[in-house]
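Peer 1: Here's a structure for you.
Nothing in this text is a laboratory measurement; each read-out follows from the coordinates by a stated rule. Keep in mind that what you see is a predicted model, and the values were worked out from it rather than measured. Cβ: placed from backbone, ideal geometry, glycine included. Neighbour counts: every protein chain shown.
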Amino acid sequence: MQYVILGLLLGGPLSLYDLQKRFSAGISLFYSASSGSIQRALQHLVADGAVVAAEADESRRGRKIHRITDAGRARWRHWMLAPLPEGTDAETTVLAKVYLLGRLEAEKDRAAVVRGIRQHTETALQGLEALAADIDARTAGLDPEGRRLFAYQRATLDYGLRTHALLRDWLDEVAEVDA
């Protein structure tokens, strides 16, 4: 969440309320965040020096405006260009990076991010395809009852195959934005 907040702050200073509105206006489609979790992430960013907070003005007591620092910009850029993590957060990270992709100034950096995500997706898809081929070969010898029981597990694997193929095709479309 911290990187999403940093990416949002690249567009200009925001209050906690403004950040919450940005999350609910689009980011919540792929990243669920409570007001408290946004506030805690913002506090960590301030403590780490990636963000500075200042009183907004005298008329709204206690309202702080948050600005990204040069260190925060560097941290965000490093995250954007870094390889995807393995595991369950990969899809959320992909969507966050694509959502924020326009904040990267250099076209070559945007292209590198999309290429990295696509390569990660292609590698994962190839692994799932190999697993599917192995499983299909092993289940061919099962009796009808065994094949029926296994069919639902295979359906789950098929879901993974289809979502990875869709993601790969979608990334090819995203890559065309700067082309």
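Peer 1: Please list 3J(HN,Hα) in residue order for region 125-133, calculated via the Karplus relation 6.51 cos²θ - 1.76 cosθ + 1.60 where θ = phi - 60°; whole Hz, with x for glycine and proline.
Peer 2: For region 125-133, the Karplus-derived couplings read 5, 4, x, 5, 5, 5, 4, 4, 4 Hz, x marking Gly and Pro.
Peer 1: If you don't mind, another one. Could you work out how far helix 90-100 tilts from the main Cα principal axis of the chain, as a 0 to 90 degree angle to the nearest 10?
Peer 2: The two axes meet at around 40 degrees.
Peer 1: Say the dipole of region 1-83 comes from +1 at the beta carbon of Lys and Arg and -1 at that of Asp and Glu; which of Pro13, Ala56, Leu81 then lies farthest toward its positive end?
Peer 2: Leu81
Peer 1: With unit charges on the beta carbon (Lys/Arg positive, Asp/Glu negative), name the residue among Leu167, His120, Thr156 whose Cα is farthest towards the positive pole of the charge dipole of region 106-179.
Peer 2: Toward the positive end, the furthest listed residue is Thr156.
Peer 1: Along region 44-50, what does the Karplus equation 6.51 cos²θ - 1.76 cosθ + 1.60 (θ = phi - 60°) give for ³J(HN,Hα), rounded to whole Hz, x for Gly and Pro?
Peer 2: Couplings: 5, 5, 5, 4, 7, x, 7 Hz.
Peer 1: How long is the gain from Ser34 to Glu122 if the chain were fully straight, where each residue apart is worth 0.36 nm and the alpha carbon distance is subtracted? Walk me through the numbers before you get to the answer.
Peer 2: Working: separation 88, 0.36 × 88 = 31.68 nm, distance 3.29 nm.
Full-extension gain reported as 28.4 nm.
Peer 1: Under a cut-off of 25 Å between alpha-carbon atoms, report the lysines in cross-link reach of Lys108, not counting same-chain residues fewer than 8 places apart.
Peer 2: Excluding near neighbours in sequence, the set is Lys97.
Peer 1: With a 10 Å cut-off between alpha carbons and a GNM built on the chain, which of Pro13, Pro144, Pro83 moves the most?
Peer 2: The residue with the greatest mean-square fluctuation here is Pro144.
Peer 1: Can I ask one more? Between Thr123, Thr163, Thr139, which gets the highest mean-square fluctuation from a Gaussian network model of the chain, Cα cutoff 10 Å?
Peer 2: Evaluated over the chain, the most mobile residue of the options is Thr139.
Peer 1: Any idea what diffusion coefficient the chain gets from Stokes-Einstein, in µm²/s, Kirkwood Rh on alpha carbon pairs, 37 °C, 0.692 mPa s?
Peer 2: Details: Rh = 18.8 Å.
Taking Rh from Cα pairs, D becomes 175 µm²/s.
Peer 1: Then there's this: Mind checking the full-extension length gain between Leu131 and Tyr152? Use 0.36 nm per residue of separation minus the Cα-Cα distance, one decimal, nm. Don't skip to the answer; put the middle values down first.
Peer 2: Numbers: separation 21, 0.36 × 21 = 7.56 nm, distance 1.54 nm.
Separation in residues times 0.36 nm, less the Cα-Cα distance, equals 6.0 nm.
Peer 1: In addition: If exposed GluC sites (Glu not before Pro) are those in a DSSP loop with at most 14 other Cβ within 10 Å, what is the longest stretch of the chain that has none?
Peer 2: Numbers: sites that count: Glu58, Glu86, Glu105, Glu176.
For GluC sites (Glu not before Pro) (loop position, at most 14 other Cβ atoms within 10 Å), the longest site-free span of the chain is 106-175.
Peer 1: Step through the residues of region 146-159 one at a time and calculate ³J(HN,Hα) from phi using the Karplus curve (6.51 cos²θ - 1.76 cosθ + 1.60, θ = phi - 60°), rounding each to whole Hz and writing x for Gly and Pro.
Peer 2: Computed from phi, the couplings for region 146-159 are x, 5, 5, 4, 6, 4, 6, 5, 5, 4, 5, 5, 4, 4 Hz.
Peer 1: Go ahead and estimate [θ] at 222 nm for the chain from helices alone: -39,500 (n - 2.57) per DSSP H run with n ≥ 4, summed, over the residue count, rounded to 500. Present the calculation step by step, with values, prior to reporting the outcome.
Peer 2: Numbers: 7 runs with 119 residues, N = 179.
It comes out at -22500 deg cm²/dmol, rounded to the nearest 500.
Peer 1: With +1 on each Lys and Arg Cβ and -1 on each Asp and Glu Cβ, and nothing else charged, work out how big the dipole of the chain is about its Cα centre, in Debye to the nearest 20.
Peer 2: Numbers: 23 positive and 24 negative charges, 146 e Å.
Dipole of the chain, to the nearest 20 debye: 700 debye.
Peer 1: Test of understanding: ordering Lys64, Lys108, Lys97 by Cβ neighbours within 10 Å, fewest first, what list do you get?
Peer 2: Details: Lys64 17, Lys108 9, Lys97 23.
In increasing order of surrounding Cβ atoms, one gets Lys108, Lys64, Lys97.
Peer 1: If you don't mind, there's one more thing I want to ask. List the residues whose amide H sits under 5 Å from the amide H of Ser15, counting only those 5 or more places along or on another chain, with H placed 1.01 Å from N in the peptide plane.
Peer 2: Long-range HN contacts for Ser15: His66.
Peer 1: Specify the residue with the greatest mean-square fluctuation among Gly36, Gly87, Gly72, computed from a Gaussian network of the chain linking alpha-carbon atoms under 10 Å apart.
Peer 2: Gly87
Peer 1: Exposure proxy check: Leu6, Leu16, Leu131 ranked by fewest other beta carbons within 10 Å?
Peer 2: Numbers: Leu6 25, Leu16 17, Leu131 13.
Placing the least packed residue first, the sequence is Leu131, Leu16, Leu6.
Peer 1: At what distance in angstrom do the alpha carbon centres of region 67-98 and region 110-178 lie from each other?
Peer 2: 24 Å
Peer 1: Right, another one. Sort Trp79, Trp170 so the one with the fewest other Cβ atoms within 10 Å of its own Cβ comes first. List each step's numbers first, then the result.
Peer 2: Numbers: Trp79 17, Trp170 14.
Final ranking by Cβ density, sparse to dense: Trp170, Trp79.
Peer 1: Restricting to Cα pairs below 8 Å that are 6+ residues apart, what does the relative contact order work out to for the chain? Please round to a whole percent.
Peer 2: Details: 145 pairs, mean separation 35.5, N = 179.
20 percent.
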